[in-house]
Amino acid sequence: MDEKKIKLEAKNVNFYYDDFHALKGINMQIEQNSVVAFIGPSGCGKSTFLRLFNRMNDLIDGTHLTGECLLDGRDIYDKRVHVDELRKNVGMVFQKPNPFPKTIFENVAYGLRVNGVKDEKYIKQRVEESLQSAALWEEVKDKLKKSAFELSGGQQQRLCIARAMAISPSVLLMDEPASALDPISTAKIEELIHELKKDYTIVIVTHNMQQAARVSDKTGFFLLGELIEYDQTKKIFLNPEKESTQNYITGRFG
Amino acid sequence: MNHLEKEMLALRNEVLDMWALVYSQLEKTKGALLKDNKDLAREVISRERRVNAYELKIDSDCENYIALYSPVAIDLRLVLSLLKINGTLERIGDFAEGISRFVIDTYEKKYDSLIREMRLEEMFDELLEMLEGSRKALESEETKMSGCLFAKDEYVDNLYDQSLQKISEYIKMHSEDALTCIFLAILSRKLERIGDHCNNIVEEIVFYIDAKVLKHAGKHKEV
Ligand SMILES: Nc1ncnc2c1ncn2[C@@H]1O[C@H](COP(=O)(O)OP(=O)(O)OP(=O)(O)O)[C@@H](O)[C@H]1O
Ligand SMILES: [Mg+2]
């Protein structure tokens, strides 16, 4: 068996919102074609850490980063990196669904159009494929011209997943993608994650322990800006090394 | 303590109660055989139903706990080991009942000296200590006595081998008692199996507390 390729890597990452030290000396390697789950109490820095990998935190004033974030071994904060190129390669689904004020179709087509795709037939095909894989197609195929805001919260979330996938990134960052979904849509998303693993590297933040256990190969437990434990998901859920991990996943916190 | 922990504690206490019952079943079986006390044997047989009832109740409580609370980590290990210990205790109860039936149906005073030579009393005592020691290990969540309990199982295995030797000598001189002797050999075998079961219980406790899987690691006899 050859070593798995490292897709994403954090090397001694510290991150600050003004004086607030939000991430403290994080080291992590994420293998290609694997699913990694981030768990931890609210405010521990999961979203902050996730956003580093497509430079979403750049948009926030007064932030400061030390250490390195690597994609395919290259520092994504290097001056030569184009943020647009990076985001094409690293898609993101946010904690709160954020559809654009456009039609359902145009939401999914958006990334392709911005990236200069002109072939309408191809766009149509990609939109359908993406909606299919996001388990939304059946519900929206007859109202593609309707505004995305007419969808329910859970449908909007799946729309955002479809939008992220339409441009075929190689990494998909998902921040609680299923928090507003019913069990059936959740199961579809989890199935999708399982499928996507063949082609993508997926990082998912979730507050649902069972979801982390079901979908991920490795799990990272964060607490107060630190990565407390990062290991095989089986190990974390059967026999974690750290007491704080155990207290958290068994619901004995605080 | 939150309600989840309370549920878990209740489940654990149920298993500990069953443990006490099975212990007393084995202790009474010992008395029934060694003192040829058929009343005691009858008591064991009638209380076997309670052991079975415990098993069913604990089984379903474990299932409910898993279904409702999706336990993980130490909680998952505990409920899994309780489930297995439950089944194992029930089997030990079966053996005790089987031996008690033998006392009622077949046993006669004239075999008292053979039983002494077979050292069955010593076997019983070792098994009772294993059962009690493993219960204490779970109660105190402490595995340091596991080595000493495993050693007892090996000692029981030796006693079993020796008991077969004694029986075969006896048969040579009393061939007319061969059938009862075979029953006695089976009885000794049952005790030896109880030792294996106690061993498994200790392994489950080590899995729960230390998260180490010891099963099939050594050369434990399994037939
Ligand atoms: N834009 C911001 N400006 C200042 N502080 C922020 C900002 N975003 C997050 N923080 C702070 O950084 C810390 C980590 O926040 P983050 O959103 O990464 O947490 P999280 O683990 O994703 O929590 P949740 O599970 O609630 O989504 C928190 O204390 C938060 O208050
Ligand atoms: Mg978050």
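The values are calculated or read from the model by the stated rules, or taken from the named source; none is laboratory data. It should be emphasised that the depicted structure is a prediction, and the values quoted were computed from it without experimental measurement. For neighbour counting, all protein chains shown are included, and Cβ atoms are generated from backbone atoms with ideal geometry for every residue, glycine included. Accessible surface is based on the protein model in full, side chains and every heavy atom, while ligands, DNA and RNA are left aside. Shrake-Rupley method; radii C 1.70, N 1.55, O 1.52, S 1.80 Å.
For the reader, a short list of remarks on this structure follows.
- Dividing the helix sum by the residues of the protein assembly as shown, where each DSSP H run of 4 or more adds -39500 (n - 2.57), gives a mean residue ellipticity at 222 nm of -19500 deg cm²/dmol.
- Contour minus Cα-Cα distance for B:A211 and B:R49 (0.36 nm per residue): 55.0 nm
- Within 10 Å of the Cβ of each residue in B:62-72, the mean number of Cβ atoms contributed by other protein chains is 2.
- With a 10 Å cut-off around each Cβ of B:73-79, the average count of Cβ atoms from other chains is 5.
- Most to least packed among A:122-128, B:171-177 [average Cβ atoms within 10 Å]: A:122-128, B:171-177
- Where only C-alpha atoms are counted, convex hull volume of segment B:130-221 per residue in Å³: 81
- Here chain B exposes an accessible surface that is 54 percent carbon and sulfur, computed with a 1.4 Å probe and the other protein chains kept in place.
- Once the Kirkwood radius over Cα pairs is known for segment B:43-115, the Stokes-Einstein relation at 20 °C and 1.002 mPa s delivers a diffusion coefficient of 148 µm²/s.
- Stretch gain in nm, segment A:E129-A:Q232, where the contour uses 0.36 nm per residue and the Cα spacing is subtracted: 33.9 nm
- Rg ratio (alpha-carbon, reference 2.2 N^0.38 Å) - segment A:6-249: 1.00
- Taking only Cα atoms of segment A:110-254, radius of gyration then Dmax in Å: 17.7, 55
- Per residue of A:244-251, other chain Cβ atoms within 10 Å of the residue Cβ number 4 on average.
- Cα centroid separation, segment B:138-160 to segment A:159-208 (Å): 50
- Calculated SAXS-style log₁₀ I(q)/I(0) at q = 0.14 Å⁻¹ - the protein assembly as shown, Debye, Cα scatterers: -1.22
- Charges were assigned to the Cβ only: +1 to each Lys and Arg, -1 to each Asp and Glu. The resulting dipole of the protein assembly as shown about its Cα centre is roughly 1540 debye.
- Each semi-axis of the equivalent ellipsoid for segment B:73-156 is √(5λ) with λ an eigenvalue of the Cα gyration tensor; in descending order they amount to 32, 17, 8 Å.
- Convex hull per residue volume in Å³, alpha carbons only, for segment B:3-210: 97
- Distance-filtered residues of segment A:217-249 - backbone nitrogen under 19 Å, label point 7 angstrom along B:E5 Cα→Cβ: A:240, A:242-249
- FRET efficiency for the pair A:Y16 and A:Y122, taken as 1/(1 + (r/R0)^6) with r the Cβ-Cβ distance and R0 = 30 Å, rounds to 0.10.
- Of the residues A:G43, A:G154, A:G111, the one that moves most in a GNM of chain A with alpha-carbon contacts below 10 Å is A:G43.
- Measuring between their Cα centroids, segment A:82-125 and segment B:190-207 lie 61 Å from each other.
- Folded to 0 to 90 degrees: helix A:183-196 orientation relative to chain A principal axis, Cα: 80
- Comparing mean-square fluctuations of B:K110, B:K152, B:K84 from a GNM of chain B with C-alpha springs under 10 Å, the top value falls on B:K110.
- Options B:Q165, B:I66, B:L127, ranked by Cα towards positive dipole end of segment B:3-210, top entry (Cβ charges): B:Q165
- Among the trypsin sites (Lys or Arg not before Pro) found in segment B:1-83, those both in a DSSP coil and sparsely packed, with 15 or fewer other Cβ atoms within 10 Å of their Cβ, are B:K35.
- Selection of chymotrypsin sites (Phe, Trp or Tyr not before Pro), segment A:207-254, meeting DSSP coil and at most 14 other Cβ within 10 Å: A:F253
- Summary of the geometry: segment B:36-67 and segment B:69-134, compared by the centres of their Cα atoms, lie 13 Å apart.
- Spacing of the two label points (7 Å from each Cα toward its C-beta) at A:H194 and A:N247, in nm: 3.4
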